[in-house]
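This report concerns only the one structure given below.
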DNA sequence: CTAATTAGTTTGACTATCAAACAATATAAA
DNA sequence: TTTATATTGTTTGATAGTCAAACTAATTAG
């Protein structure tokens, strides 16, 4: 049997290329969509927290949020508790796009696991959860 | 139980952030390492074929190969059968780096599956292979 | 032999990224 | 409370990655 390491990497590559393609179709860049996804999945998140989740520095995010704001997908909301920072929120338009993309993810998962029976799906999910717990 | 779709995406994100971090430590960019990986895993590959595997256009790859060449990691080798194209080959230095990175992948797989027993590992591998076969 | 196709390069425009310097605010220490 | 330190986010300057489109050279089809 082929190495689990090689299979994992190939699996990752496939996911990456799928994600890339799907995002491009929506006219966004991968990074923009990823940022939108983090904001959509974390209500009331601040700039700093977003940078940590994305693994980028604040200067990079400033530019990104400027662009997403210009695209009317997100907005900066002042934080009364700490005037240095902002809450980043999705606009209506941003929320719609975020949900569309989440739906794409669901369809991807559907398609990936198409050849698995429901028992296999459950086992796969359990194993992945076990792996995720380790991080 | 949590959605398989969400878990898959989170799993992918974790892999991506691990890969990013690991590659940065080596002083390369993610794209450079990924390109090196494609070249290392496919002896005698041509520019055109690399672009297909990476999902980028030829113009982008020309610049990338120029850079990797300047870093003395790869070289263009003339193709006597088709004088329009080149074989891209790893240099000694490139080959060493490629192998180091492959080793990192092995260690990642080790670490990811640390909490799984050997039966679980085998099941996971079988399921992933089944998924990969679908593409 | 000419026309059409293919492989790769170049150019121009935009996005992503980091490091480092900076401003404004918040927190700790005196 | 006042001062020193730390944190949050912005700006600037440099480098890398990306695409589309125009281009060159070589191959293939008619």
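Values in this text are rule-based calculations from the coordinates and carry no lab data. Quantities reported herein were computed from a predicted structural model and do not represent experimental measurements. So basically every Cβ, Gly included, is an ideal-geometry build from the backbone, and we count neighbours across all protein chains shown.
Given the C-alpha atoms of chain B, compute the convex hull and give its volume per residue in Å³. List each step's numbers first, then the result.
Values: hull volume 19.6 nm³, N = 135.
That works out to 145 Å³ per residue.
So between residue A:129 and residue A:89, what do we pick up on full extension, going 0.36 nm a residue minus the alpha carbon distance?
Answer, rounded to one decimal: 11.5 nm.
Just check the range B:52-91 against the gyration tensor rule for me: Cα atoms, a ≥ b ≥ c as the square roots of the eigenvalues, rounded for a/c under 1.5, and otherwise prolate or oblate depending on whether a/b exceeds b/c.
It comes out oblate by the Cα gyration axes.
Ranking A:86, B:11 by Cβ neighbours within 10 Å, fewest first, what do you get?
A:86, B:11
Arrange A:38, A:63 by Cβ neighbour counts within 10 Å, fewest through most, would you? Could you put the intermediate results ahead of the total?
Details: A:38 19, A:63 9.
By the 10 Å Cβ count, ascending: A:63, A:38.
For a test of the definition: using alpha carbon positions, the gyration tensor, and the 1.5 limit on a/c, classify the protein assembly as shown as rounded, prolate or oblate. Show your work: numbers first, answer last.
On the way: a/c = 1.83, a/b = 1.25, b/c = 1.47.
Oblate, because a/c is 1.5 or more while a/b does not exceed b/c.
Averaging sequence separations of C-alpha pairs under 8 Å and six or more residues apart, then dividing by the length of chain A, give the relative contact order as a whole percent.
18 percent
Alpha carbon centre of the range B:19-34 versus the range A:121-135: separation in Å?
26 Å
First check a/c for the range B:27-77, with a ≥ b ≥ c the square roots of the eigenvalues of its C-alpha gyration tensor; if it is under 1.5, answer rounded, and if not, answer prolate when a/b is larger than b/c or oblate otherwise.
It comes out rounded by the Cα gyration axes.
Compute the long axis of helix B:30-41 from its Cα atoms, compare it with the longest principal axis of the Cα atoms of chain B, and write down the angle in degrees, 0 to 90, nearest 10.
80 degrees
Helix A:4-25 versus the longest principal axis of chain A: what is the Cα-based angle in degrees, 0 to 90, to the nearest 10?
Around 50 degrees separate the two axes.
Nearest 10 degrees is fine. How inclined is helix B:118-133 to the longest principal axis of chain B, computing both from alpha carbons?
50 degrees
Residues of A:93-106, mean number of Cβ from any other protein chain within 10 Å of their own Cβ, rounded to a whole number?
1
Give me a single rounded figure for B:118-127: the average over its residues of other chain Cβ atoms within 10 Å of their Cβ.
On the way: counts 0, 0, 5, 2, 2, 5, 9, 8, 5, 11.
That average works out to 5.
Report the dimensions of the range A:8-49 along its three principal axes from the alpha-carbon atoms, largest first, rounded to Å.
For the range A:8-49, the Cα spread along each principal axis is 35, 26, 14 Å.
Calculate the FRET efficiency for residue A:69 and residue B:20 from the Cβ-Cβ distance with a Förster distance of 30 Å, rounded to the nearest 0.05.
Values: r = 25 Å, r/R0 = 0.85.
In this case the efficiency is close to 0.75.
Add -39500 (n - 2.57) for each DSSP H run of 4 or more in chain B, then divide by its residues: what number comes out at 222 nm, to the nearest 500 deg cm²/dmol? Numbers along the way, then the final one.
Numbers: 6 runs with 92 residues, N = 135.
It comes out at -22500 deg cm²/dmol, rounded to the nearest 500.
Kindly put A:93, A:121 in sequence by how many other C-beta atoms sit within 10 Å of each C-beta, fewest to most.
A:93, A:121
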